[in-house]
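First comes the structure, then the notes that go with it.
The values are calculated or read from the model by the stated rules, or taken from the named source; none is laboratory data. These numbers come from a predicted model, not from an experiment. Heads up, the Cβs are rebuilt from the backbone with ideal geometry, glycines too, and the neighbour counts pull from every protein chain shown. Calculation scope for accessible area: heavy atoms of the full protein, side chains included, ligands and nucleic acids excluded. Shrake-Rupley method; radii C 1.70, N 1.55, O 1.52, S 1.80 Å.
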Amino acid sequence: GGVKFSDVLSYYTHLLTEDGLTISTVENIHNLLHPSFQLAVRDEIIRFNPTDGVLAEIKRKSGKNKGIRHALTLEQQRAFLGYVAESPVFVTWLSFFVFLFGTGCRIGEAVGIRWDDISLDDRVIDINHTVTYYARYDRDSRCSFEVSEPKTVAGYRRIPMVDEVFEVLSEEFEEQKENGFSDLVVDGMKGFVFTNCNGGLHKGATVNKAIERIRTHYNTEELVRAKKEHRDPVIIPHFSCHHIRHTFCTRLCENETNLKAIQEIMGHADIETTMNI
């Protein structure tokens, strides 16, 4: 328990300045360290997570915001979702991707969403927890999911349901009512909306692999189609589930001028984050 905030700060700084790592590589390292320390806090080995807020501090100091993540254009977004909807292979992903594109949730928030968090009557989604996938090296040394609080206090929020999200969730609910709801329990929580073919929760890495597979298939077919139809193809660039959050934020900014409202829906602790996007 001897690791302090300042230790982590100088370690990250060293990685950037001495070892020449990029901010995104340091971010990846942080994404491994933070949950591990969080686990130690949970097991009461340490009282505070020394990695809390270090990354924000580093970015402020170095003036480097992480490499600009490009949002998808409306045309690319429609092409991606349209392709998933029409594909007999990928259609199983449809409701999950519509949910991501239509709520801008962080991946851990979307993965962990339960029917209890969703009000189809009021058309709101309540974000009150997140699910993280840990590699745990105790007991059975299997990886496992764990429920934790949102990233920051601002992470607790209610997201209004756009029509597309309302439609897929209503269909999903009817279908699960008929074929059975998920009986998976994670940290005492149950009633998860989205599960994979094995009945488990989605992992971020698996979602990104699915995106890549869908994108590759789509682009290959689109090139052939565009050539036949004598038009320019709509090519979908490489993107990950976090780009979907940026895409949602971009669409929100195109249709909403109230920055404070955007900040609240996104669950950004800092208005600067919203403004940067």
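Below, the figures for the structure above:
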| read-out | value |
| --- | --- |
| Chymotrypsin sites (Phe, Trp or Tyr not before Pro) within the range 1-108: DSSP coil, no more than 15 neighbouring Cβ in 10 Å | 48 |
| Extension gain, residue 75 back to residue 163 (0.36 nm per residue minus Cα-Cα distance, nm) | 29.8 nm |
| Listed residue pairs exceeding 32 Å between alpha carbons, taken from 209/260; 59/203; 4/209; 4/203 | 209/260; 4/209 |
| GluC sites (Glu not before Pro) restricted to DSSP loop in the range 178-277 with at most 14 other C-beta within 10 Å | 229, 256 |
| Helix-only mean residue ellipticity at 222 nm for the chain, each DSSP H run of n ≥ 4 adding -39500 (n - 2.57), per residue, nearest 500 | -16000 deg cm²/dmol |
| q = 0.15 Å⁻¹, the range 89-240: log10 I(q)/I(0) [Debye, one scatterer per Cα] | -0.87 |
| Principal-axis tilt of helix 241-255 within the chain, Cα atoms, nearest 10 degrees | 70 degrees |
| Karplus-derived 3J(HN,Hα), 6.51/-1.76/1.60, for each residue of the range 194-199, Hz, glycine and proline x | 10, 10, 8, 5, 9, x |
| About the Cα centre, charge dipole magnitude for the range 1-112 (Lys/Arg +1, Asp/Glu -1 at Cβ), debye | 300 debye |
| The range 1-53: relative contact order as a whole-number percent, Cα under 8 Å and 6+ apart | 42 percent |
| Sequence of 125, 277 when ordered by accessible area, the most exposed leading, probe 1.4 angstrom | 277, 125 |
| Cα lying deepest toward the dipole's positive end in the chain, options 89, 105, 217, charges on Cβ | 217 |
| On Cα atoms only, tilt of 74-86 relative to the major axis of the chain in degrees | 70 degrees |
| Heavy-atom accessible area ranking, 1.4 Å probe, most first, across 275, 161 | 275, 161 |
| Apportionment of accessible area to carbon and sulfur, the range 1-94, percent (1.4 Å) | 56 percent |
| Trypsin sites (Lys or Arg not before Pro) within the range 183-277, DSSP loop, no more than 14 other Cβ atoms inside 10 Å | 190, 231 |
